[in-house]
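Notes follow once the structure below has been shown.
Bear in mind these aren't lab numbers, they're just calculated from the coordinates by the rules spelled out. Everything numeric in this text was worked out from a predicted model, so none of it was measured. Counting neighbours? That spans all protein chains shown, and the Cβs are built from the backbone with ideal geometry, glycine included.
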Amino acid sequence: MHWTPIIRLFGMLLMLYSFSFAPSIGVALFYQDDQWSVFAISLLASLLVGLMMWFPVRQTSSEISVREGYFVVSFFWILLGAVGSLPFLLSLHLDFTDAMFESISGFTSTGSTVIVGLDELPRSLLYHRQQIQWLGGMGIIVLAVAVLPLLGIGGMQLYQAEASGVAKHEKITPRIAETARSLWLIYVCLTVICALAYWLAGMQLFDAIGHAMSTISTGGFSTHDASIGYYDSPLIEMIAIVFMIAGGTNFALHFFALRSRSARIYARDGEFRTYLYILLCTTLVITMTLFVVGTHESLLTALRVSVFQVVALMTSTGFGTETFSSWPLFVPLLIIMVAHIGGCAGSTSGGIKVLRIILLTRLALRQLFHMAHPQAVSVIKLNNRLIPDDQLFSVWGFYTLYILSSLVLTLAMMAAGLDLVSAFGAVSATITLMGPGLGEVATDFSTVNTAVKWLGIFAMLVGRLEVFTLLILFLPAYWRN
């Protein structure tokens, strides 16, 4: 492990991130909420620490290996969480655990929270919460990949460590920096369009911008305790549904659709079709269940609440108009299942990803076929493209580690004092990045103990960093030269 270039890179990334506190200073001054000094201190502190890390080693080589890229990505997310927690520590006087939980939840675009009373918080703090999940949604490392080449640092190693699964091997432009810039351009444009739509639908401009950030990032933080339910507006909910689906779609599809000026790109993609099919089928099942058991007497109302919650939770956004954990029969478990599936690969959502579910299903069917026809030769294709066996093994390994991590974390949370339902709900809420859970964590994590919160932080990092990137650091062979 070459520590000098890693420290140099950490310093540069931290200095780069420190300027993200500037918009919060502007919001504080505009709304006169007396919090500008909190963000000014946070900016100067992070800038100074970054400068102290970078300056002594500024002349050293900047090249890092792919193996070192995993370390940089994992620990920079932790470092970001610590820096992003400063306003919560300085303004709300949260203890370090709560401040770190809130910050990591934002950067991982989970949306779980320990803060109650959002409607009374200063606007600048509310904006800070929305901004950190917006930055984390696409990935602060991908942003750095777009910028650092201009500073003389190559970014391929970081992109490979940050990008998800099978999708990481596909670049939408020949150069990695161009790829990152293209993704962020689409991301920003979608955010602006979403904000304008919310504003025209009746939200105040501040709320429209904040909710657009959390919608496109599929983060789920809101400026109100009641989330989107605060507005009780079918139009606002419809806008949220459209943009949550967009946030849960592979951003490469958005790029190719815009470049070709044709929506047929979406229709030809097998993962996107499966994504919509799962959303549709789950919505119909839940709608009929809520209507038949009498949870909602109107079929239209049942459809309205079910389609919103299914989209919000499968895309791991976590917005709420109702508490799904109180719904009858099997519905909460069904929602947890689709949340574990998640959105598409290459999107801002969490979960296993639809692409992996498709490949796992075809892998299982191929195995059954081989049992019936041992001499047959069969291959697995997606969108008429042959999937190599090494990628299939990687998908299977990911799934195994994902499920194993979920089980171990559930046991650990039960050992920390949660009942089975709450422990299962807490792990599901954090490792899938969906936000709300079951039992004691159905709405927030404010009442759980310190151990559960740290386990939740670890689960959020596992989910956001796609299991391998974080867990590889626990492998002894990783640290051997």
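Legend: ranking of residues Glu68, Glu120, Glu322, Glu63 from fewest to most surrounding C-beta atoms inside 10 Å; resulting order Glu120, Glu63, Glu322, Glu68. Extending 7 Å from Cα along the Cβ direction at Ala364 and again at Phe75 yields two label points whose distance is 4.0 nm. Hydrodynamic analysis of the stretch 336-471 uses the Kirkwood radius over alpha carbon pairs. Inserted into Stokes-Einstein at 4 °C and 1.567 mPa s, it gives a translational diffusion coefficient of 80 µm²/s.
Amide H neighbours of Leu382 under 5 Å, counting only residues 5+ apart in sequence or on other chains, H built in-plane at 1.01 Å? Here the answer is Ile387, since their amide H atoms fall under 5 Å of that of Leu382.
Relative to the compact-globule estimate of 2.2 N^0.38 Å, the Cα radius of gyration of the stretch 89-130 comes out at 1.07. For a modelled paramagnetic label at Val421, 7 Å from Cα along Cα-to-Cβ, the residues of the stretch 283-325 in reach, with backbone nitrogen under 17 Å, are 323-325. The coefficient of translational diffusion for the stretch 1-106, derived via Stokes-Einstein from the alpha carbon Kirkwood radius under 10 °C and 1.306 mPa s, stands at 108 µm²/s.
Site pair Thr450 and Glu120 shows an inter-label distance of 2.6 nm when each label is modelled 7 Å from Cα along Cα→Cβ. Average 1/r across all pairs of distinct alpha carbons in the stretch 410-459, invert it, and you get the Kirkwood radius: 10.1 Å. Computed extension length for Glu63-Asp34: 6.1 nm, one decimal, from 0.36 nm per residue of separation with the Cα-Cα distance subtracted.
Each stretch of four or more DSSP H residues adds -39500 (n - 2.57); spread over every residue of the chain, this sum gives -20500 deg cm²/dmol at 222 nm.
3J(HN,Hα) along the stretch 184-200, derived from phi through the Karplus expression 6.51 cos²θ - 1.76 cosθ + 1.60 where θ = phi - 60°, amounts to 5, 4, 4, 4, 5, 4, 4, 5, 5, 4, 5, 4, 4, 5, 4, 5, 5 Hz, with x in place of Gly and Pro. Hull volume per residue, based on the alpha-carbon atoms of the stretch 248-395 and their convex hull, is 140 Å³.
One way to sum up the overall shape of the stretch 30-80 is the equivalent ellipsoid from its Cα gyration tensor, whose semi-axes run 31, 15, 7 Å, largest first.
Separation of the stretch 28-71 and the stretch 226-248, taken as the distance between their Cα centroids, equals 34 angstrom. Using bins of 20 Å that start at zero, the share of Cα-Cα pairs per bin across the chain amounts to 24, 59, 16, 1, in whole %.
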